[in-house]
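Input: a single structure, listed below in structure tokens.
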Amino acid sequence: MIAYEAAKKNASLILCARNMEKLKKVASTSQAMTTGKVLIHSLDISDYNSVEQLVTFIEENELPIDVLVNNAGVGIFKPFLETSQEEIDLMFSVNILGLMTLTQKVAVMMAENKKGHIINVASQAGKMATPKSSVYAATKFAVIGWSNALRLELKPFGIKVLIVNPGPMRTSFFDTADPTGDYLKQVSAFVTEPERLAKKIVDTIGSNRREINTPWIMELGSIGYTMFPRLGDILAGGLFNKK
């Protein structure tokens, strides 16, 4: 959805993901919306070699990167005592470690050009954790903390950093996180539609906005959690605990 919204503004795009068939379909649709170039490249963000191959592709083709959108993510919702080491490694490698690797390499290119915008998609889970999401929340807490520091470090180079903290969304993310589909049904009142969020993200490019938080009720809950932690525990363990 972010690719489509950017294409509507005649942006040139480099689309990256593991599934090349889906990438080709998204690229075809995007190309019909923009006069810019739309390129695709295979990327497994959890594989450092894959990240290196993407960076080499960008450098060899002398492709300027004005905006980096880090949107890859995986979540597995289950009690921590039942979470395997493999599942923990997967969530950390995709959600934060691979993210850092790619961002560092792209940020070096942006710093040379004295401009750029990095958009990191975190989660409301990174502001207020709930039961059965301890590891996932840990990765998103890391994304938020790292992004806030990164914003300060990159400001002298003219590079902006935006954090996007969505609540539950109707995307394929929940194919892994909640295979039964029960969670999305229970939180239907809080679900953010990806089309609306994508437009908001693209419209924010170039601005100094620090965060986008949706839905408002969960953002209000996270603020309350910070100010009133005991009440926050009640909300996190009750109202917002639908897993």
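The values are calculated or read from the model by the stated rules, or taken from the named source; none is laboratory data. Values in this document were obtained by computation on a predicted structure and should not be read as measured data. Ideal geometry is used to build each Cβ from the backbone, glycine not excepted, and the neighbour counts take in all protein chains shown. With ligands, DNA and RNA removed, areas are computed over all heavy atoms of the protein, side chains included. Shrake-Rupley method; radii C 1.70, N 1.55, O 1.52, S 1.80 Å.
What are the residues whose amide H is under 5 Å from the amide H of Val38, where those residues sit 5 or more places off or on another chain and H is modelled from the backbone?
Here Leu13 satisfy the definition.
Before rounding to the nearest 500, sum -39500 (n - 2.57) across all DSSP H runs of length at least 4 in the chain and divide by the residue total; then give [θ] at 222 nm in deg cm²/dmol. Before the final figure, lay out the partial values.
Values: 11 runs with 119 residues, N = 243.
After summing the helix terms and dividing by the residues of the chain, the value is -14500 deg cm²/dmol.
At a probe radius of 1.4 Å, what is the per-residue accessible area of Phe157, in Å² to the nearest 10?
For Phe157, the solvent-accessible surface is approximately 80 Å².
Below 25 Å, Cα to Cα, which lysines can Lys78 reach? Residues fewer than 8 away in the same chain don't count.
Straight-line reach from Lys78, under 25 Å: Lys127, Lys132, Lys140, Lys185, Lys242, Lys243.
For Lys160, what residues show an amide H to amide H distance below 5 Å, using hydrogens built from the backbone and excluding near sequence neighbours?
For Lys160, whose amide H was placed from the backbone, the distant partners under 5 Å are Gly116, His117, Ile118.
When averaged across all projection directions, what area in nm² does the alpha-carbon convex hull of the stretch 5-46 cover? Mind showing how you got there, number by number?
On the way: hull surface 10.7 nm².
Answer in nm², one decimal: 2.7.
Quick one: among Gly116, Gly145, Gly221, which has the greatest mean-square fluctuation in a GNM of the chain with alpha-carbon springs under 10 angstrom?
Gly145
In debye, nearest 20: dipole of the chain around its Cα centre with unit charges on the Cβ of K, R (+) and D, E (-)? Kindly include the intermediate steps, with their values, before the conclusion.
Working: 27 positive and 24 negative charges, 178 e Å.
In debye, rounded to 20, the chain gives about 860.
Of Ala107, Val55, Gly167, which is farthest on the positive side of the dipole of the chain, counting Cα position, with +1 on Lys and Arg Cβ, -1 on Asp and Glu Cβ, and the Cα centre as origin?
Farthest towards the positive pole: Gly167.
What net charge is computed for the residues neighbouring Lys105, neighbours being all others with C-beta under 13 Å from the C-beta of Lys105, Lys and Arg scored +1, Asp and Glu -1? Show your work: numbers first, answer last.
Working: positive: none; negative: Glu52, Glu59, Glu112.
It works out to a net charge of -3.
Near Ser42, within a Cβ-to-Cβ distance under 14 Å, what is the net charge of the other residues, with Lys and Arg +1 and Asp and Glu -1? Each step should come with its number before you reach the end.
Working: positive: Arg18, Lys22, Lys24; negative: Glu21, Asp44, Asp47, Glu52.
With Lys, Arg at +1 and Asp, Glu at -1, the neighbours total -1.
How about the stretch 1-82: which GluC sites (Glu not before Pro) there are in a DSSP loop, with at most 16 other Cβ atoms within 10 Å of their Cβ?
On the way: sites: Glu5, Glu21, Glu52, Glu59, Glu60, Glu62, Glu82; in loops: Glu62.
Answer by residue number: Glu62.
Take the alpha carbon atoms of the stretch 111-147, find their center, do the same for the stretch 45-95, and report the distance between the two centers in whole angstrom.
Rounded to whole Å, the Cα centres lie 13 Å apart.
Short version: ³J(HN,Hα) in whole Hz for each residue of the stretch 94-111, in order, from phi by Karplus 6.51 cos²θ - 1.76 cosθ + 1.60 (θ = phi - 60°), x for Gly and Pro, what are they?
The phi angles translate into 7, 7, 9, 5, x, 4, 5, 4, 5, 4, 4, 5, 6, 5, 4, 5, 5, 4 Hz.
Report the trypsin sites (Lys or Arg not before Pro) located in the stretch 1-92 that are in a DSSP loop and have at most 15 other Cβ atoms inside 10 Å of their Cβ, or state none.
Values: sites: Lys8, Lys9, Arg18, Lys22, Lys24, Lys25, Lys37; in loops: Lys9, Arg18, Lys37.
Hits after loop and neighbour filter: Lys9, Arg18, Lys37.
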